[in-house]
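The values are calculated or read from the model by the stated rules, or taken from the named source; none is laboratory data. Being a predicted model, the structure only gives us computed values, none of them experimental. Using ideal geometry, Cβ is built from the backbone for each residue, glycine included, and neighbour counts are taken over all protein chains shown.
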Amino acid sequence: MDSRRIVLLGATGYTGQRVLRELLKRGAEPTLVGRSRARMRAVADRFGADLPVAEADLTSAADLSRLLEPSDVVVSTVGPFMELGMATVTAAARAGAHYLDSTGEGTFARFVFELDSVAAARGATLVPAFGYDYVPGNLAGALALTRAGERARHVDIGYFITRSGPGDPLRYRSTLRDAWTLTTGGTRQTLVGAAAEEGFAYRPPRPGAPSRLVDERAAKRVRMFHYAGVRRATMTVPGSEHLGLPEAFPQLESVEVGLGWFGRWTRPVQIAAALQAPLLRSARVRSALTRLSGRLPGAHREPDRDGRSLVIAVARDSSGRYLARTALTGPDPYEMTGSLLAWGAVWAAAPDVVLKPGAHGPVAAFGLDTLALGAAEAGVHEVADAPGSRR
């Protein structure tokens, strides 16, 4: 029995090229899909690969549906996803094709989960945010919750960027400069767009009520993590952990995800996000900011090569008491995303692999043990609890 066909959308972009490189390393020969046959062939030639290519309107579900088959594994890196990604995942769900993407947009991940019944009826498995956003947080959260046992009711997850080089990277203190020099322009545009979107959280809507997904703006709260002697601030963001972890751990009462890229500037950035959110809901304002950000010094430079990732998850009981913590380290967010998506696609394409149909988080879709092995292959490893870490 042959492996499924892997269909890669966005191979000409920064993240897409990293995914393509990792797929080729694993012996895969993906079909490249995009708007320009010439650009896709040029990318394939750059990697020394003779790959099939197909032109398609990536904003047309009907166009993509004619291309996709039930045995396909679709990998999309085409964003912003709320603008450009809906047609692809809708077409994959209707076709019965498995689907993975690189989105960091929580609102889009929520949209994907709303396709659960369509995907399940056709045997498709949809797993959004299968990169740095938000596989390591799902994995760290699941490991911490598993170790905490049945008493676990709350999990807090923090995402941080560090740098390699002299000194212990676990003790590195992120700065506002890192949020600029360790990310791409596309990532920064996504962050601006996220500030304008309605976010969500997983918690009881009122005291005594059952927990569920509730609407909540991004950056509503600042939460602190104490790890390796460093006090790290995060501001809350909507992630796929809110959608996937309660499925795997139904006893959960709350899931909190925080972005800790800004160091001591976290609180000012949070306040600025709250003040600017009403303005950013205007498409004209967002467009103007996008043009402005593209003219700033260093706007089109590639991220620094010494970036690293750190993700921390803390499980607590119903009273908020500490039960367990897991910390994962890995390569920079883009290298991690390329490796995770390539691993996930090759795994899902294997003829003897059966994934759970429907829309799921990575733990429910792949299983915790399998996901941990895949993450390790992508360079994501657990680190022992560091000295100076507080509960």
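The criterion of at least 2 residues that are more than 20 Å from Gly344 (Cα to Cα) and under 24 Å from the mean Cα position of the chain (by Cα) is met by the following helices (runs of 4 or more DSSP H) wholly inside the stretch 25-92: 61-67, 81-84. Restricting attention to the stretch 140-150, the residues that are hydrophobic (A, V, I, L, M, F, W, C) and crowded, with 24+ Cβ neighbours inside 10 Å add up to 3.
Selection within the stretch 203-261: residues that are out of contact with any helix residue (DSSP H, G or I) (no Cβ under 9 Å at 6 or more places or on another chain), among the small types (Gly, Ala, Ser) and assigned to a loop (DSSP other than H, G, I, E, B). The member of this set that is modelled with the lowest pLDDT is Gly208.
Against the test of being of a type outside the set (Val, Ile, Thr), crowded, with 19+ Cβ neighbours inside 10 Å and modelled with pLDDT of 95 or more, the options Ala93, Ala38, Ala42 yield a single qualifying residue, Ala93. Evaluate the following for Pro333: is it surrounded by 24 or more Cβ atoms within 10 Å (Cβ to Cβ), over 17 Å from Leu371 (Cβ atoms) and in contact (Cβ under 8 Å) with a residue 40 or more places away in the chain? So Pro333 passes the test.
The residues of the stretch 1-21 that are in a loop (DSSP other than H, G, I, E, B) and either in contact with a Leu (Cβ under 6 Å, 6 or more places away or on another chain) or over 19 Å from Thr125 (Cβ atoms) (or both), listed by number, are Gly10, Ala11, Thr12, Gly13.
Looking across the stretch 339-360 at every residue that is in contact with a helix residue (DSSP H, G or I) (Cβ under 6 Å, 6 or more places away or on another chain) and assigned to a helix (DSSP H, G or I), the one that is nearest to Val127 (Cα to Cα) is identified as Leu341.
Pro331 meets the conditions (1) at pLDDT below 95; (2) within 20 Å of the chain's Cα centre (by Cα) in every case but one. The failed one is (1). Residues that are assigned to a helix (DSSP H, G or I), surrounded by fewer than 18 Cβ atoms within 10 Å (Cβ to Cβ) and not small (Gly, Ala, Ser) do occur in the stretch 121-128. Quick one: would you say Asp116 is farther than 26 Å from Thr329 by Cα, acidic (Asp, Glu) and in contact with an Asp or Glu (Cβ under 8 Å, 6 or more places away or on another chain)? No: the conditions fail for Asp116.
Rundown of residues vs (1) over 25 Å from Thr125 (Cβ atoms); (2) in the same structural domain as Val127 (by TED's automatic domain parsing); (3) of a type in the set (Asp, Glu), yes/no style:
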{"residue": "Trp180", "(1), (2), (3)": "yes, no, no"}
{"residue": "Glu198", "(1), (2), (3)": "yes, no, yes"}
{"residue": "Ala201", "(1), (2), (3)": "yes, no, no"}
{"residue": "Leu213", "(1), (2), (3)": "no, no, no"}
{"residue": "Arg217", "(1), (2), (3)": "yes, no, no"}
{"residue": "Phe225", "(1), (2), (3)": "yes, no, no"}
{"residue": "Arg232", "(1), (2), (3)": "yes, no, no"}
{"residue": "Ala248", "(1), (2), (3)": "no, no, no"}
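All of Arg39, Arg21 fail the test of being of a type in the set (Lys, Arg) and out of contact with any Gly (no Cβ under 8 Å at 6 or more places or on another chain), apart from Arg39.
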